[in-house]
Each structure stands twice: as C-alpha cells, then as structure tokens.
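In what follows, a single structure is set out as structure tokens and then discussed.
The values are calculated or read from the model by the stated rules, or taken from the named source; none is laboratory data. Remember, it's a predicted structure, so these values are computed and weren't measured experimentally. Note: ideal-geometry Cβ built from the backbone for every residue, glycine included; neighbour counts use all protein chains shown.
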Amino acid sequence: MSRCIIASAASWAIAIILSVTATLPTQAQETAYRFDLGAGLGTSGYLGDANTSNFLKHPGFAAQVSFRYLIDPRWSIRATLLTAGLSGNSADMTNVLPGGAEYRFTSQVYDLGARVEFNFLNYGIGESYRKLSRWSPYIALGAGVTVASSGGTFTAMNLPMGAGVKYKLQQRINLGLEWTMTKVLGDRVDGEVLDDPYMIKSSFIKNTDWYSTIMITISYEIGQRCRNCFYID
C-alpha cells in the first residue's frame with residue numbers, strides 16, 4: 001500500500017514539474033547563476049538492528065528542500081533539510097535478537113546538513129567554449145545532524161553519501177534523481193529498546209544505524225552572475 005502511495009506521489013510530482021516548466025520562458029544562454037533553490041520527493045528506508053539486509057523492505061515517504069551555491073560547472077556546496085519516515089520489524093530478519101525477542105518501530109527523522117557535490121561533466125547550458133553538458137552524474141559527501149522520534153527524541157551527527165544524475169530542462173531549471181545513504185553516529189534511530197541489543201559497544205563502524213533516500217528533485221537557479229560575458233568566476 002505504501003509503495004503504491006509513493007509511486008502515485010512521484011508520478012504526480014513529475015507531471016506537475018513538466019507542466020510548470022513547459023510554461024516558463026527560456027533564458028539567454030549567456031546567463032549563468034550563483035545559487036539554486038530545490039525540493040525533492042521520494043522514498044526512505046532504514047538499516048539497523050530491526051532490519052539488517054534490505055533498506056527497501058519497509059519504505060517510507062521522504063521530502064526535502066535544499067539551497068546550493070554553484071561554485072563552477074563541476075563543484076557546488078549544498079545545504080539540505082530532510083524529513084523521512086522510517087520503520088522496521090525484527091520478525092522479518094533471518095538472524096534473531098537475544099532471547100528470541102521481536103521488535104518493530106516507526107520513527108520520523110529530521111535531517112539538517114551540508115554536503116559538497118562533484119559533477120563528472122561540466123554541467124550547464126551555453127558557453128560552448130567550456131564544453132558544457134546538459135546532463136551529468138554526480139557524487140556528494142557531507143555532514144549533518146539527525147533528530148529522530150521513536151519512543152523519545154534522539155539526536156546525533158550523521159555522514160551522508162550520495163550519488164545521482166541531473167539534467168537541465170531549461171537554463172535555470174534542473175531535474176534530478178539521487179540516492180543517498182546516511183550513516184548515523186549512534187544506535188537509537190530505531191528507539192531506545194534497540195540501543196545495543198547484542199551488547200556490542202557502538203563505534204564509527206559497528207552497531208550504528210543507517211537510513212537511505214531515493215528522490216526525484218527539481219531546482220531553480222537564482223542570483224545572476226553576469227550577462228553576455230566570456231568569463232565567469
């Protein structure tokens with residue numbers, strides 16, 4: 001049921017995006033911009049003590065807003081604010097919790113962070129001397145703060161790692177598909193009951209929670225750099 005809702009929401013989002021962009025005027029190709037404002041919708045998943053193998057087993061709904069500083073056609077710095085629904089059920093796992101206990105949870109996660117993005121191609125439209133590409137795959141790495149609510153409020157630092165592809169619908173409009181895995185530096189995203197159930201002390205590698213998002217994104221560029229210029233710093 002939740003997958004049908006997510007698929008329907010994504011379909012509506014794509015339809016709205018395409019209808020809106022079709023009505024927007026095309027910008028002069030000589031114009032470039034310093035920033036963009038974005039939003040995204042998609043699905044979220046969890047890996048931890050109540051789900052150790054497949055983060056898509058219990059999908060949730062995720063939404064995001066973002067602000068980018070466009071350094072050049074390859075590099076950008078992006079601030080994000082994300083909310084995502086997470087859930088898990090230890091009864092679905094092949095391994096067993098101590099004493100044969102079963103545990104299920106739901107949690108709403110809020111994530112505020114910043115990341116550096118690198119485009120594999122010179123991303124943009126126009127400026128033929130720069131050999132810009134209208135699409136590009138990219139990777140991202142950053143840091144942030146997670147606030148989760150599952151039987152109480154839990155706060156911890158996180159490390160997001162992402163990859164995706166972006167495409168310029170028009171000079172100022174970007175459409176993207178991205179996948180992000182976020183490592184939480186703590187073990188209570190899934191609730192206090194599952195904090196260290198195997199009596200293994202948490203560390204950077206061991207016994208910490210993860211969550212993931214797959215999102216369709218759209219952004220609109222603002223802050224004109226210059227007009228009809230041959231060099232953009």
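On the basis of being at pLDDT below 95, farther than 19 Å from ILE71 by Cα and not in a strand (DSSP E or B), does ILE205 make the cut? Don't jump to the end; show me each part of the working.
Details: at pLDDT below 95: yes; farther than 19 Å from ILE71 by Cα: yes; not in a strand (DSSP E or B): yes.
In short, yes.
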Task: strands (runs of 3 or more DSSP E) enclosed by region 98-183 - at least 2 residues per element that are farther than 18 Å from LEU47 by Cα and aromatic (Phe, Trp, Tyr) - done: 135-149
TODO: Sort through LEU82, LEU86, LEU70 and tell me the only one that's among the aliphatic types (A, V, I, L, M), buried (at least 16 other Cβ atoms within 10 Å of the Cβ), at pLDDT 80 or above and touching a His at 6+ places or on another chain (Cβ under 9 Å).
DONE: LEU86
- [ ] Tally the residues that are surrounded by fewer than 21 Cβ atoms within 10 Å (Cβ to Cβ) and at pLDDT 95 or above, restricting the search to region 139-156.
- [x] 8
- [ ] Report the residue count in region 151-173 for those that are under 18 Å from ASP111 (Cβ atoms) and touching a Leu at 6+ places or on another chain (Cβ under 8 Å).
- [x] 8
